[in-house]
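Data first, discussion second: the structure below is written as structure tokens.
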Amino acid sequence: MFIAHGLWRILMHPPYAYMSMKGAFNKEGVVAFQSDLMTTASQFSPQSITEAVVDLSEFEMSTADSIEDTRQYFQGATQRGLRKANYIGANALARNMLAQLWQNTTTEPCFYSSMNELLSKQPHHKENIERLVKISFKHPD
């Protein structure tokens, strides 16, 4: 087994979930992130998170062996009520991959080039995004 790689921050404020990913993630890092995300979400009633904001502006990549885990997680998120996933700073390759991973679900992926673009269209996220950036990044142990 490899050492998990990747850093993240999570803030849940139903009906919204906010997260930020930093660095390169291997499969173990993706699984650790998803586990932390599920643990955090389990503090709230089922179906209470309907929209996510995911900051990928410092995200570098994930390994190919984590794709199926991510697809399964996305299907589960849709089943748990996620209707919209807003991505910030995803490059063209990441946008393409994310769009493919959300295929065959009812969750709508939306892409923004920057945090400012998202906030200009959805200013109600400002306060929680400010709270998110104050949280220290977690590293899988």
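The values are calculated or read from the model by the stated rules, or taken from the named source; none is laboratory data. Being a predicted model, the structure only gives us computed values, none of them experimental. Here Cβ is always computed from backbone atoms with ideal geometry, including for glycine, and neighbour counts include all displayed protein chains. Ligands, DNA and RNA are excluded from the accessible area calculation, which covers all protein heavy atoms including side chains. Shrake-Rupley method; radii C 1.70, N 1.55, O 1.52, S 1.80 Å.
Couplings 3J(HN,Hα) for region 76-89, derived from phi with the Karplus relation 6.51 cos²θ - 1.76 cosθ + 1.60 (θ = phi - 60°), are x, 4, 5, 5, 7, x, 5, 9, 8, 10, 9, 10, 10, x Hz, where x marks Gly and Pro. In order along region 126-139, the Karplus-derived 3J(HN,Hα) couplings, from 6.51 cos²θ - 1.76 cosθ + 1.60 at θ = phi - 60°, round to 3, 4, 6, 5, 4, 5, 4, 5, 7, 7, 5, 5, 8, 10 Hz, and Gly and Pro are given as x.
Placing +1 on each Lys and Arg Cβ and -1 on each Asp and Glu Cβ, with no other charges, gives region 8-141 a dipole about its Cα centre of roughly 320 debye. Along the chain, the exposed loop sites are chymotrypsin sites (Phe, Trp or Tyr not before Pro) outside DSSP states H, G, I, E and B with at most 16 other Cβ atoms within 10 Å, and the longest stretch free of them is 45-136.
Counting protein heavy atoms only, region 1-121 has 55 percent of its accessible area on carbon and sulfur, 1.4 angstrom probe. Ile135 contributes an accessible area of around 60 Å² to the protein surface, as traced by a 1.4 Å probe with all chains present. When the square roots of the Cα gyration tensor eigenvalues are ordered a ≥ b ≥ c, the ratio a/c for region 7-134 is under 1.5, which makes its shape rounded. For the chain, the residue among His125, Gln100, Leu11 whose Cα projects farthest onto the positive side of the dipole built from Cβ charges is His125. The alpha-carbon of Lys121 sits under 30 angstrom from the alpha-carbons of these lysines, leaving out residues fewer than 8 places away in its chain: Lys22, Lys84, Lys134, Lys138. In a fully extended conformation the segment linking His13 and Thr40 would gain 8.7 nm over its present Cα-Cα distance, using 0.36 nm per residue.
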